[in-house]
Each structure stands twice: as C-alpha cells, then as structure tokens.
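Each remark here refers to the structure printed beneath this line.
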Amino acid sequence: MRALKVTIAILGILFIFLCLAVYIFFETFDATEMTRQLTDQLSARLGRTLTVDKVDIDFSFKRGIFLNVHNVKMGEDPAFGQEFFLEVGSVKLNVDLQAVLAKRETVISGIDVVAPVIRIIRNEDGQINAQGISLEGGGRPSASPSTAAVNRESPLPSELAAPAPEASRSEKLKKTPVIPPFSIKAIGVEDGRVVFIDRNPAMPVQLSLSKLGLRIMDFSLSKPFAFEVRAAVFSDQPDVMMQGKVQIDPATQQIMLREGVFSVAMAEIAVSRAVEAIPALAQAGMKEGLEGEFKAVIEELTAGPHGLTALTVHGDYSGGRVALDALPGALENILVRYHLNMRDLDVPEFFISVGGGLISGRASLKDYVKKQQFAVEAETADVDVSALLPELQPGVKFVGRANSKLQISGEDFANINNLFNSTRGEGQMTVHDGRLVNFNILRLVLEKISMLPDLIYTIQDTIPAKYRDHLTQNVTVFKTVNLPFRIQNTEVSAPKITVDADLFAMDMEGAVDFSQNADIKSATIFFAADLSKNLVARVEELKYLLDENGRIKIPLARYKGKLSDYKPVPDAAYLGQKIIKNKGKEEILKFLDKVLPPETDRPAPSEGPAAGEGQPPSEGQPAPEQAPAPPEKSRSPERELIEGLLNQILK
C-alpha cells in the first residue's frame, strides 16, 4: 500500500515538473527568432521572399496550442512587378494537444485565414507568376520577355536533343519529402481577394474576386476532401459559388477537382464592373439588368506546376435575360446547354425568346484559346423583327413576324478586324404582315416624280377612297417580304429582295456593310394593275410607265450612303425617257397630222377563197354571205420616214 502511495506521489511530482517545463518553455520561447529562421528557410525553398510581422502562441491543456500569425507577405517574381504575390492579414491555428499526446498524431482543430490577397498575373508571353514557386528550392529563374522570345526562336543545343523521359510516379514519390501524419478538421477563409491580371495586348483583363469565403472540411493529403467557396466578382454581394471534392497529389504537386459545381447568379452582376474588368465586353453592348443562373458541372479538372492539364465540364445558362444596345428588344427565357473541354466549346442547343417568338439553334467554338473558330446554325419562328432591328431612320421602324434560317462562321474574337473579315454566312428570311411605320413608300415615290408637278395631290383628290387611304396614311403595309442574304467580305448582301403589298410589288438588290453603309444597287416598284388603271385615267402621262402587264413600273435610283439616310427616289433618267420623250413623240406626230397628207383608206388585199368558198351551196342551203375586208390605212412615205427616225432617236 505504501509502495502505491510512493508511486502516485512520484507520478504527481513528474506531472507537476512536466507542466512546469511546458509553462517555462512557452514563457521563455522566442517566437520571433523561430519565425525568422522558419521564414528564411521557406524563402529559400519557395524562391520568393517571405515575411511575417508577428507570431503569438498561447497554450492550454484543455484547449490546446493556439498560434496566431500576423501580416504574412510573399514577394513577387521581379519579372512580373513589385507588388506582393500573397498577403494575409492573419492566420489562426489551433492544435489539439490531447490528440498529440494520446495518438501521437498532429490534429489541427482549425485554421482561420483572415483577409488574404493573391495576385495571379499572366504576361504577354503567356507565363504566369505562380509558376515560379517551387517547393524543391530555388524557384524558377526570372526571364525577361525578350530573353524568352530568343529562347523559343533559337533553342540551345541541349534543347535540340531528345527530351529526357518524365520521371515515373514512384521516382517522384522517392523525391517527395516525407510529411508526418496530420489532419485538419476545418479550414476557413474570410474576406479574401483574388486578383487576376492578363497582360495579353489583344484582350487585357483585370479581374478581382472580393469577399472571398472558403470552407474546407477534413483536409487531407491522402484522400479527397470537400470544399465550398463564395466570392463577389462583379457585385457588392457574392455572386459566384463553387463546391466539390479535391484530391491533392504531393508527388506531382497536382490538384484534382471532381464532382465540382460552379454557379453564377447573373442578377447580382453589375455590367459596368464587368466591362471595366474585361474591356472586350464593351463590344457586346450589354445593358444592366441581367437575369438567370449560369451553372457548370465540373466532371474533371486537373492543375499543377504546368498549368491546366485536364478539363471536362458541362452545364447550362437558364432563365436568362440579356439586353443589348444593338437590339430594341431584350433576349428573354434564355436556355443554353454546353460542353467544354481543354480545346473546344460545344453548344448542342440554345433557345431564346424575343419579340414574341423564338430563336433556336446550335453553335460551336473550336480551339477557343488560339484560333477561336466559331460556327452557328439558327432559326427564328414568328419573331417580331422590330425587336431585332433598330430604327431605320429616326421614328421609322419595320414591324412584322419573321421566320428565318441562318448559318454563319468565322474566327479570332481577339481581333475585331480579323473577326469581321473572316465572318461568312448565308440565310433566308420571310416576313409576314409587315409594316413600315412612319414611312409611306407609294406616296414618297409619287412625290419624287418631278416632271409631273403636284402629281400626288391630283391623284389623291380624285381616286377612289380605298386607294386614297393607302396614299395618305403614314405607314406602308406589306403582305410578305422575302430576303435571301449572304455574309462575306464584311457586308451582308441581298441578291434579290421581293416585296408583295396590297397596292404594289417591289424587287430590290443591295448590300449593307458592318458599319451600316448601304449600296442599293437596283430597286423597282410595280403598282397594282387596278391602281395603275385608275392613275392613268386621271394622269394621262402615267400611261408611258405601263409595262406589258398593265402595271406602272418605276425604277428607283441607285443609292450609296448610310442606311439610316436612305429614301427611295425614282430614276429620273428612266422617267425622262418614258414620259418626256414619249410625250414629245406624241406631240410631234400630232403636228405631222396637220402638215402631212391625211391617211387614206385602201382596200384590203385579197387572200384567196376561204375554206368552203368557191363551192356551190348544198341543196336547200342559202349561199353564205361574205363580210367585206376592212380597209387599211395608207400612210404617206414622209410620215413613215419621220416615225422611223423618231423611234430610233427616242429609244
């Protein structure tokens, strides 16, 4: 019994001495000196300068060891700038002392990172600043862009030799430092920020993810662990969320993401901030008020020291709404499904509601990093064209229900000139029940026939009401408009546009380039036959414009200029030939009737007996009566000569 008491006493004394030793250790421990030594070693291994302002250590048998690191900074590669690559306000770490003593395993209850800032920069040569960080020591030697260019164009002799085979996974495992067993129950990041700067001169980007929050549960280097991250990209509130499972391979320094889900709340996005971060978006002319959700399911994503090495993603943009400066109507109820890999983007189907109708189709983007070759096949069904076409002129717009098909392709989004020059396509559009609001084509054409002054007023005061209404109202009504078109050489050309309306028909040929410069090569209006007959009855000179179908035919003058300034103007040369010359010819012939001998009648020449003639009549039948042939007009030789000359002169 006494031996037991002695043993207990000795153990108690040892425990007291242990507690005293731990207390003295933490009271006399020089955290500053240890921090300096540790940062020096890490700086040498990382190839970057690493500094820490202050380290606080607290100890409790019940709560464990608390480590608080203040103001951590990692320097930048000098080739990319002078700012810090990494800044952290503070890092709080809690070690479970009981697990260390009982299981001989380092168990970290939690790591809390406050206000971290990471700057990712890609230079003009495509190099990324993070590639210079290496745990094997020395880092990547900095090379200026000029040096890198020389190395690519003129490789060293050693580079011309066959590349050494890549080390096997077992060899990499031998070189990997042995990390003692440890586990981290939870990692949290609060108020973080990630800045991405792309210095590509063709498409510069300066993107900032703020209010970054990260949660990782049961972090491990040997098995997958779950994570969730939220951030604000183009908004004051978090608009981006991502979650999934990550596996880290220490041997290859690769990170593999599986079962990932990435989503963007489009309604939270401020378009002005997006354009500021990515100036190329300004060309799209997006307005504020985006809606919908963009979602990506990440089946496979692998990244490491050599960048992204594997990527397989599918997803959709649903419930979308986008308004553009170039379109009067908003694109609504957008549904786009897509598949993405390391090289290509494929959109097997998309649907867009606009103007009370539907646009549907499919698209693809091949080699989206370099060549950016795109192709689109689309159809429209019962879409109001006024939602797609801006005003042709101030206050003048085209309204109607359109059905169309389109195929278009091109490449190189990074260079707008290359994009325009490479764009090719063709299609067909048919518009039903169309109206040209605040523009009356018939009235304007009749007003522009200058050789017949006050023609429009003469007509509208005398023609029947059903025609008068069409001439006086401030609109042109169409039954159908057929528009086949081609896209090439930075312009949209229409070889033959046909228009069918109640009172006229119209044929056109022309082109419009991407800067809205128009070339209306030819256009002809044909008035309806019944309207033409009424007009000729009231204005005799219009009879000279009749075609072989009894329709008034008025060609329009060719036009080159801005599409917004176009107004149909009759071809004055054609009208002059048809009206003035024919009118002059008629007046000359009237004069000839007065000065030349009048036309005389002469018997019609005999053509011989007709069938049955010269035969005696049948018995009981009267002899048939023969109608005398009408006499022919005989013109004087002088009149025939003058008429022939006039016909040649006034062709």
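The set of residues from the range 467-484 being touching a Leu at 6+ places or on another chain (Cβ under 9 Å) and not aliphatic (A, V, I, L, M) comprises Tyr467, His470, Thr476, Phe478.
Within the range 401-428, the set of residues being over 15 Å from the mean Cα position of the chain (by Cα) and open to solvent by less than 50 Å² (accessible area, probe 1.4 Å) comprises Ala402, Ser404, Ser422, Gly425, Gly427.
Considering each residue of the range 349-359 in turn, at least one proves to be of a type in the set (Ser, Thr, Tyr) and within 23 Å of Ala296 (Cα to Cα). If you go through the range 410-436 and keep only what is polar (S, T, N, Q) and closer than 21 Å to Ser493 by Cα, you end up with Asn417, Asn418, Asn421, Ser422, Thr423, Gln428, Thr430. Looking across the range 274-324, the residues that are modelled with pLDDT of 90 or more, in a loop (DSSP other than H, G, I, E, B) and over 26 Å from Glu228 (Cβ atoms) come down to Lys287, Glu288, Gly289, Ala323. Listed by first and then second residue, the pairs linking a residue in the range 453-481 that is modelled with pLDDT of 85 or more and of a type outside the set (A, V, I, L, M, F, W, C) to a residue that is open to solvent by 50 Å² or more (accessible area, probe 1.4 Å) and not in a helix (DSSP H, G or I), with Cβ atoms under 8 Å apart and 6 or more places separating them unless they lie on different chains, are Asn474/Asn438; Thr476/Arg435; Lys479/His432; Lys479/Asp433; Lys479/Asp500; Lys479/Asp502; Thr480/His432; Thr480/Asp500.
Return yes when Gly400 is in a strand (DSSP E or B) and in contact (Cβ under 8 Å) with a residue 40 or more places away in the chain and no when it is not. Here the answer is yes, as Gly400 does meet what is asked.
Answer with yes or no whether Gln516 is under 21 Å from Lys405 (Cβ atoms) and either among the small types (Gly, Ala, Ser) or within 34 Å of the chain's Cα centre (by Cα) (or both). Quick ask: steps written out before the conclusion?
Values: under 21 Å from Lys405 (Cβ atoms): no; either among the small types (Gly, Ala, Ser) or within 34 Å of the chain's Cα centre (by Cα) (or both): yes.
In short, no.
Here the condition is being out of contact with any Asp or Glu (no Cβ under 7 Å at 6 or more places or on another chain) and either within 30 Å of Gln428 (Cα to Cα) or basic (Lys, Arg) (or both); of Asp461, Asp469, Asp547, Asp530, it holds for Asp547 alone.
Residues that are part of a loop (DSSP other than H, G, I, E, B), crowded, with 17+ Cβ neighbours inside 10 Å and within 14 Å of the chain's Cα centre (by Cα) within the range 325-352 comprise just one, Leu327.
The one condition from (1) open to solvent by less than 70 Å² (accessible area, probe 1.4 Å); (2) within 17 Å of Ile111 (Cα to Cα); (3) at pLDDT 75 or above that Leu50 does not meet is (2). Out of curiosity, is Ser360 small (Gly, Ala, Ser) and free of Cβ contacts under 8 Å to residues at least 24 places away in the same chain? The answer is yes for Ser360.
The residue of the range 429-452 that is surrounded by the fewest Cβ atoms within 10 Å (Cβ to Cβ), among those that are under 19 Å from Asp565 (Cα atoms) and touching a residue at least 60 places away in the same chain (Cβ under 8 Å), is Leu444. Is it true that some residue in the range 244-267 is open to solvent by less than 30 Å² (accessible area, probe 1.4 Å) and within 22 Å of the chain's Cα centre (by Cα)? For the range 244-267, residues open to solvent by less than 30 Å² (accessible area, probe 1.4 Å) and within 22 Å of the chain's Cα centre (by Cα): present. Within the range 466-490, the residues that satisfy the criterion of being over 16 Å from Val385 (Cβ atoms) and surrounded by 18 or more Cβ atoms within 10 Å (Cβ to Cβ) are Tyr467, His470, Ile487. Of the conditions (1) open to solvent by 20 Å² or more (accessible area, probe 1.4 Å); (2) closer than 21 Å to Met451 by Cα; (3) among the hydrophobic types (A, V, I, L, M, F, W, C), Ala523 satisfies every one except a single condition; which number is it? Condition (1) is where Ala523 drops out.
The values are calculated or read from the model by the stated rules, or taken from the named source; none is laboratory data. None of these values were measured; they are calculated from a predicted model. With ideal geometry, Cβ positions are generated from the backbone for all residues, glycine too; neighbour counts draw on all protein chains shown. Just the protein is used for accessible areas: all its heavy atoms, side chains included, with ligands, DNA and RNA removed. Shrake-Rupley method; radii C 1.70, N 1.55, O 1.52, S 1.80 Å.
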